[in-house]
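Contents: one structure, followed by commentary.
Every read-out reported here was derived from the displayed coordinates using simple, explicitly stated rules and does not represent laboratory data. All of these numbers come straight from a predicted model, not from anything done at the bench. Please note: Cβ atoms are built from the backbone with ideal geometry, for glycine as well, and neighbour counts cover all protein chains shown.
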Amino acid sequence: MKLESEGLGASSMANGSSRGIGPIILLGSPGAGKGTQAKRVSERYGIPQISTGDLLRDNVQRQTPLGLQAKDVMARGELVPDELIYDMVAHRLRQVDCDPGFVLDGFPRTPAQAGWLDEFLDNEFFDSPQRPGRCAPIVVRIDVDYNQLLHRLTGRRTCLASGHIYNVYLQPPRVPDTCDLDGSRLVTRDDDRDDVIRERLTAYQVQTKPVAEYYERQGRLVSVNGDLPVDEVTELIRLVIEGHRAARADSF
Ligand code: AMP
């Protein structure tokens, strides 16, 4: 794959923005850093970050019919059934802010979801004149060592007020259990408890790993080393995205 970082900074981003960047999919185990990296991709390219975990938690909090069905499944660390996810994702991807592209974090999580997404993009996304031409999603998998994942997940603490994230081993707050930024209490997310973490990692191995194989068979998967410092991972992902953009520009 061609990776061209030189000269593909802001100016090429500006050129590309008229056509948009299209869909970007971040794959990886729970704790791999998908959320952090998706946020950075979203900010760099001005496209929305779509996290199915966040969408589901919002539904649980608002006690919508979907939230009521998903709540217990999520608390056990299992995957919410595909049929419940599709309407939620379709509804979100149809919103106008997704026109130039979007970065998916936590979806697709089963091969069936990956097939559904391809069909959705073919049938809806690429048909619209506002949308960025027929371009296959850029798929990046963030690979992290298993022990490192356990550290990241068991150490994760979230601030109650605004969701700021810390890690008691890797990025501790200045005062234990207290958010540096707003002083609110830090808590362990329900599904970051030990037993649930193991269930989530098993769900990943059994149900989500085959998603990477699905994209690999199509020659669309690029892996990056997620054990590296967070800024270096961001840079690797940027290089992958810019490489795809350059290859697409060549083919127009
Ligand atoms: P996350 O924040 O991505 O780790 O997701 C938290 C939980 O939401 C997961 O453990 C699942 O129970 C559920 N979830 C998130 N995304 C999906 C998905 N694409 N398919 C099924 N369940 C999901």
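Couple of notes before you dig in:
- Selection count, the range 90-123, where residues are touching a Gly at 6+ places or on another chain (Cβ under 7 Å) and under 22 Å from LYS209 (Cβ atoms): 2
- In the range 234-248 there is no residue matching the filter, namely being β-branched (Val, Ile, Thr) and touching an Asp or Glu at 6+ places or on another chain (Cβ under 9 Å).
- The number of residues in the range 55-80 being free of Cβ contacts under 8 Å to residues at least 24 places away in the same chain and closer than 30 Å to GLY20 by Cα comes to 2.
- The sole residue among VAL175, VAL89 that is within 16 Å of the ligand (Cβ to nearest atom) and among the aliphatic types (A, V, I, L, M) is VAL89.
- Test result for LEU66, in a helix (DSSP H, G or I), within 22 Å of ARG94 (Cα to Cα) and within 8 Å of the ligand (Cβ to nearest atom): no
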